[in-house]
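Encoded as structure tokens, the structure appears first; notes follow it.
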Amino acid sequence: MATILRDWSYRYQWLYDGISGLAALSVGGETQFRQLALQGLTISSDTKILDLCCGSGQATQFLVKFSQNVTGLDASPLSLKRAKQNVPSASYVEAFAEKMPFINGEFDVVHISVALHEMEPQQLRQIINEVYRVLKPGGVFTLIDFHAPTNPIFWPGVSLFLLLFETETAWQLLKTDLPNLLTEIGFEVSNITLYAGGSLQVIQAQK
């Protein structure tokens, strides 16, 4: 069942958007959810932002409100086609996050929204290394993703969601100490905030 629902959620944007909107209610709705990772950041119209694993542009549409220099990267041609339709003001690159076609120090900000849980542990490390490489010195990596709930009331809902729509990698992320991994790679973790009973983590780390 999980595979079918997961398949459908990526095949049909209306279903994916509906699931995302429902999940975002725990933090006050879609708009609030998409802005959580941006809180406290100084972003101007010329800030160079990479929306990593941008999907169909759900987060990209908020990033372009802050900067006129936003690039979305994703490995899925279908997702990028939708992103270009949804947010035509951004530029897009089809590539894998663990091997990005950018020069060293190209971006001021790298943003990723609920995508790291899709990655195997070794792949996750490769991606974070790549993020470090493409960020300018002093640049910021900001992310939001799942976290093991600190409030037990949230465990049943999170468990059901992961069983229906995610794979083993999402469960692995719940056991992963992301701040420690970021520090190992060379980042200075500047902000960690938990939401929705601890089931969502927002991390901002500086190169």
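The values are calculated or read from the model by the stated rules, or taken from the named source; none is laboratory data. Only a predicted model underlies this, so the values are computations on that prediction, with no experimental measurement involved. Using ideal geometry, Cβ is built from the backbone for each residue, glycine included, and neighbour counts are taken over all protein chains shown. Heads up: the accessible areas ignore ligands, DNA and RNA and are worked out on the full protein's heavy atoms, side chains in. Shrake-Rupley method; radii C 1.70, N 1.55, O 1.52, S 1.80 Å.
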Hits in the stretch 163-176 (condition: touching a helix residue (DSSP H, G or I) at 6+ places or on another chain (Cβ under 9 Å) and closer than 15 Å to residue 119 by Cβ): 166, 167, 169, 170, 171, 172, 173, 174, 176
Number of the condition not met by residue 204 [criteria: (1) open to solvent by 30 Å² or more (accessible area, probe 1.4 Å); (2) in contact (Cβ under 8 Å) with a residue 12 or more places away in the chain]: (1)
Test: residue in the stretch 108-122 that is among the small types (Gly, Ala, Ser), closer than 23 Å to residue 73 by Cβ and surrounded by fewer than 16 Cβ atoms within 10 Å (Cβ to Cβ): no
Scan of the stretch 60-79 for residues that are over 22 Å from residue 137 (Cβ atoms) and open to solvent by 10 Å² or more (accessible area, probe 1.4 Å), ordered by number: 61, 62, 64, 65, 68, 74, 75, 76, 77, 78, 79
Pairs with Cβ under 9 Å, 6+ apart, first in the stretch 126-138 and on the phi < 0 side of the Ramachandran plot and touching a residue at least 60 places away in the same chain (Cβ under 8 Å), second among the basic types (Lys, Arg) and open to solvent by 10 Å² or more (accessible area, probe 1.4 Å): 131/207; 132/207; 135/207; 136/48; 136/207; 137/207
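Yes/no matrix, rows are residues, columns are (1) in contact with an Asp or Glu (Cβ under 6 Å, 6 or more places away or on another chain); (2) under 15 Å from residue 125 (Cβ atoms); (3) open to solvent by less than 50 Å² (accessible area, probe 1.4 Å):
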| site | (1), (2), (3) |
| --- | --- |
| 155 | no, no, no |
| 160 | no, no, no |
| 164 | no, no, yes |
| 171 | no, no, no |
| 174 | no, no, yes |
| 178 | no, yes, yes |
| 182 | no, yes, yes |
| 192 | no, no, no |
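Looking at the structure I just gave you, is residue 91 modelled with pLDDT of 95 or more, surrounded by fewer than 16 Cβ atoms within 10 Å (Cβ to Cβ) and more than 17 Å from the chain's Cα centre (by Cα)?
So residue 91 fits the description; yes.
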Per-region count, the stretch 96-115, residues more than 13 Å from the chain's Cα centre (by Cα) and in contact (Cβ under 8 Å) with a residue 24 or more places away in the chain: 10
